[in-house]
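This report concerns only the one structure given below.
Computed from the coordinates by the stated procedures, all read-outs in this text should not be read as laboratory data. What you see is a predicted model, and the numbers here were worked out from it, not measured in a lab. Reconstructed Cβ throughout: ideal geometry from the backbone, glycine too, with neighbour counts over all protein chains shown.
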Amino acid sequence: MITDQTSHAAHQGAANGIQQKSRQQSSSSITSITSFASESSIDDRPEWLTKDTSVQFQMTPAEQDPAIGFFYTPRTLTILGGMLLVLVYVAMTPELDDTITNVKIGLLAAVGVFCVFGMLQFRDSLLLRPHPALWRVVLSLGVVYQLFLVFLLFQNKHDARAFFKYVDPSLGVPLPEKSYGDACELTWDNVVGQVFDEFVLAHALGWFCKALILRDYTFCWILSIMFEVMEYSLSHQLNNFDECWWDHWILDVLVCNWLGLYLGMKTCEYFEMKQYSWQGLAEIPTLKGKMKRTMAQFTPKSWTKFEWDSTKSFKSYCTVIFILTMFLICELNAFYLKTLLFIPPAHSLNVIRIFGYFMFGIPGVREAYQYFHDVNCKRIGPQAWLLIGSIATEVLIIFKFGQGEFPNAAPASVIYFWTVFLTLLTVYPIYQFYLLPKFQDKSNAKAKQQ
């Protein structure tokens, strides 16, 4: 009996000891987890999680500047009520007898309602300035444009041209052919005639915008030269690609493109060197300081320098080739679409498309860069996804509508050039990323043996 009691007491003591030890281990593990959590603050997370992404790691409105906290507070029901009041007003107003006007207003209103929904419900982009809602609206407009392209793809080219007459009755008329290569003598009159062309300012402004998007001198210079090569290669299809040699390489590349590229990269360098210290309006005592802080709201919250590193890895090489190809195709699409759909170069539709792609490209390329260069990023962002989809859909439209429109065959010199160029483009990564490292490893092994 005593033995049983002793044994029972021993077992109970051992059990209590095990339970106490387990509690101590559990307590210590909880303490270590708590300590790790406190050390791994939000500042220790990767940059793409702390500075650029949005919903999960943004400060709450209470933590933000009270002077602008109003704009960061969700007001979904208020905006819904305001939108419904506008629709009620429209429903109560007398109807217009003009069918075309009603259709235009109805379509614009539908796009507006969709943009309001996207502004409130879409997820944020990597960009936060001047406000995440702006980039949600840009994403909404990207969806609308992609849907319009899909609709256009299911039409024939005659109906597509007739469709644009509803937008502007002056459209739908074949464009006059214009060639820039008729007078190539390097004279004062010829140069002045090209300098005051409507596309000169567009070249410089366009390359300023491309520099802000790509943020890399080398990448932009390669893109600038390759576009002139594409103009040479496709001049047998589009007459406005037929330019004088000095127009290609002096006026375009060395003057207009360089000027826009230089100013754009200087802007990037300014944002890169700038110290970002966001002070609340309530903490700024002077009116001048408050005005400067308000204007600074329209500048980036932080700046990420793009380092494409095309020669460091096969993945980076393929990334640069892919983005370079997308940019070139997007540029060429503008010329082919206006030719096939009979839209004059200076028409507002072309200007809207170019400005739209600029707005799509800012977050789109930023998301693509994050996806290709950050191992923690597992999926491509919605802006980049839509940007690729829109460019590809435009290519399909051009392929469909271009059947029988370009009968001239490519010159033999163009075929030979692209055969050699694509061969070198394929051979280089094989040598750089497979043969050269293998040879270097063998050389290092022999050196160690000696």
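Just a few scattered comments:
- Efficiency of FRET from Cβ geometry, F399 and Q440, R₀ 41 Å, rounded to 0.05: 0.40
- Residues of the stretch 389-410 falling in the label zone of L153, defined by backbone nitrogen less than 14 Å from a point 7 Å along Cα to beta-carbon, are 389-401.
- Computed from the C-beta positions of E185 and K305, the FRET efficiency with R₀ = 45 Å rounds to 0.50.
- Calculated on the alpha-carbon coordinates, the convex hull of the stretch 194-254 measures out at 83 cubic angstrom per residue.
- Fraction of alpha-carbon pairs over 35 Å apart in the stretch 132-408 - percent: 25 percent
- Here the stretch 409-450 is treated as an ellipsoid with the same Cα gyration tensor; its semi-axes, largest first and in whole Å, are 39, 7, 4.
- The residues neighbouring I343, those whose beta-carbon lies less than 12 Å from its own, together hold a net charge of +3 under the Lys/Arg +1, Asp/Glu -1 convention.
- Rounded to the nearest 20, the size of the Cβ-charge dipole of the stretch 277-389 about its Cα centre is 340 debye, with Lys and Arg at +1 and Asp and Glu at -1.
- Estimated translational D of the stretch 124-238 in µm²/s (Stokes, Kirkwood radius over Cα pairs; 25 °C; 0.890 mPa s): 131 µm²/s
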